[in-house]
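Structure first, then comments.
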Amino acid sequence: MRDVTVLGIASEIFPLIKTGGLADVAGALPVALADEGVRVTTLVPGYPSVLAGLAGVESLRHFTELFGGPARILRGRAGGLDLLAIDAPHLYARPGSPYIGPDGRDWPDNAQRFAALGAVAASLAVGEGNGVAPDIVHAHDWQAGLALAYLHHHARRPGTVFTAHNLAFQGNYPPSLMAELGLPASDFAIDGVEFYGNLSFLKAGLFYADRITTVSPTYAAEIRTPQGGMGFDGLLRTRAALLSGILNGIDETVWNPATDPHIAARFSTARPGRRSINKEALQSRLGLATTPGALLFGVISRITWQKGLDLLLANLPGLLGLGAQLALLGSGEPGLEDAIAEAAAAHPGQVAAVIGYDEALAHQIQAGVDALLIPSRFEPCGLTQLCGLRYGALPVVARVGGLADTVIDANEAALAAGTGSGVQFAPVTQEMLAVAIQRTASLWREPATWRRLQRNAMRTDVSWRRPAARYVALYRALITERAH
Ligand code: ADP
């Protein structure tokens, strides 16, 4: 079989720019697909960190006018990835977050910034002025959604796949922008980019894609319901035959406890006992009491309503009453950040909170905590629980989305069968989280059981192998379909 070529489109990509799981997926999936005969080149905005990280740069194309200024398309490599970057200083030469300005609000021209991403992608995909013309265009999340609206107007275009990593982020803008963004007025319709009176980049992706994927089978089912669809459930029910859920994997070279450069003691399933060194190092670093017997819970998360950390705060007295500790790393909504920082200040030695983004500390928490708390109200896939499994930090998770699909609850039947890799709870309420924390503490009091669960967790396949094979099958089926 001949190689398949894919033009990926993503607004963030590890290791150059990351705010969440999207970057991890955009950075790891191409590497996994390369082993399967799929060559992915990913188009990304040329933020300062992207341009600084590109090696072997050559200029591929020039736009004299791209939403208010000139742009160059640069081809280069970084971290084993083939990349195309849009060097357009008027749109992307801004420090910090790719989406949010120093005032904490979205950049006022985000519609233009990500329309530019879509417009360049569409132009490259149909082979204008260069030789990119791929078999498949694979767009990720709302920032890439408009590419599929632009492509729709080309008679000869590649097959298109849109992956929804989180329907909560929609890219909705006033309809008055249609003309400025180069979209015909007729596209502002139910059968087009219109979404409850707005122009929606996410709707463009979900409506125009030849195939839609999302990042877990359970989320693929949840988003077809009014409760989980965020307004798109009707459209997704209509397009259900084209929608599938493919779990994410994690990059096992970045997340490998046997080689991890960030942690005090490397370990593996053969030597899980060495985790205790990491636990003590973490407790010391964060100012927690270095009590080996205390059950240490960890959190690594965006601090938002989605992640349910308010439910965790409400459970703090109960958690501490069990003699447990909590180590939290995250950033997000200021009100919730403050509440977490106050809780840490009120319980020195028992609760530690680091507000911020810290890649190395994330690794140290995975390697040092006994259990990882993830009480998300919804979770399309979730990556932290996959890392937790690999590092033997037992995930204690809400039974939603990808959390439901990747963690096996250590209930009586699972314990009897020798399976189980964590704890699940449902519904996602303060009360049921309390029960889950108590269940985790009971399991902790039985060291042999805990060790077995930890071994099961660490042996779980969280690699990209199976997901990559599913994407390849999807791409090839679409190519075959479009050839007829
Ligand atoms: P989401 O994409 O919704 O934020 P995921 O679980 O899919 O959630 O992915 C989160 C990714 O970001 C994981 O790789 C996690 O380790 C990382 N992460 C989240 N918050 C932080 C933080 N404060 N510091 C370092 N890494 C973080």
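Summary table
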quantity	calculated
Shape category assigned to the stretch 1-76 from the gyration tensor of Cα positions, a/c cut at 1.5	oblate
Cβ-based net charge around Ala343, under 12 Å, with every Lys or Arg adding one and every Asp or Glu removing one	-4
Tensor-based shape of the chain (alpha-carbon gyration tensor, a/c under 1.5 rounded, otherwise prolate or oblate)	prolate
Cβ-based net charge around Asp358, under 14 Å, with every Lys or Arg adding one and every Asp or Glu removing one	+2
Percent RCO, i.e. relative contact order, over the chain, from Cα pairs under 8 Å lying at least 6 residues apart	12 percent
Charge tally in the Cβ shell below 14 Å around Trp444, where Lys, Arg are +1 and Asp, Glu are -1, Trp444 excluded	+4
Whole-Hz ³J(HN,Hα) from phi, Karplus 6.51 cos²θ - 1.76 cosθ + 1.60, for the stretch 239-248, glycine and proline x	9, 4, 5, 9, 9, 9, x, 10, 4, 7
For Gly332, residues with placed amide H under 5 Å, excluding near neighbours	Ile303
Relative contact order (%) - the stretch 272-459, alpha-carbon pairs under 8 angstrom, separation at least six	21 percent
Rounded accessible area per residue of the stretch 272-459, 1.4 Å, Å²	37 Å²
Overall dimensions of the stretch 272-459 by Cα: Rg and Dmax, Å	14.8, 44
For the stretch 343-423, alpha-carbon Rg relative to the globular expectation (2.2 N^0.38 Å, N residues)	1.20
Accessible surface of the chain [probe 1.4 Å, protein heavy atoms]: carbon and sulfur percent	55 percent
Accessible surface, per residue, of the stretch 32-90 when the full set of protein chains is kept, probe 1.4 Å, Å²	43 Å²
Probe 1.4 Å, protein heavy atoms only - accessible area per residue of the stretch 103-244 in square angstrom	36 Å²
Selection from Ala147, Phe169, Ala204, by position along the positive dipole direction of the stretch 121-223 (Cβ)	Ala147
³J(HN,Hα) computed for each position of the stretch 186-200 - Karplus, 6.51 cos²θ - 1.76 cosθ + 1.60, integer Hz, glycine/proline x	5, 6, 7, 8, 3, 7, x, 9, 6, 8, 6, x, 10, 8, 10
Built amide H within the under 5 Å cut-off of Thr5, gap 5+	Arg39, Asp135, Ile136
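The values are calculated or read from the model by the stated rules, or taken from the named source; none is laboratory data. In this text the structure is predicted, and so the values were computed from the model without any measurement. Every residue, glycine as well, gets a Cβ built from its backbone with ideal geometry; the counts of neighbours run over all protein chains shown. Each accessible area value is taken on the protein alone, full model and side chains, heavy atoms only, with ligands, DNA and RNA left out. Shrake-Rupley method; radii C 1.70, N 1.55, O 1.52, S 1.80 Å.
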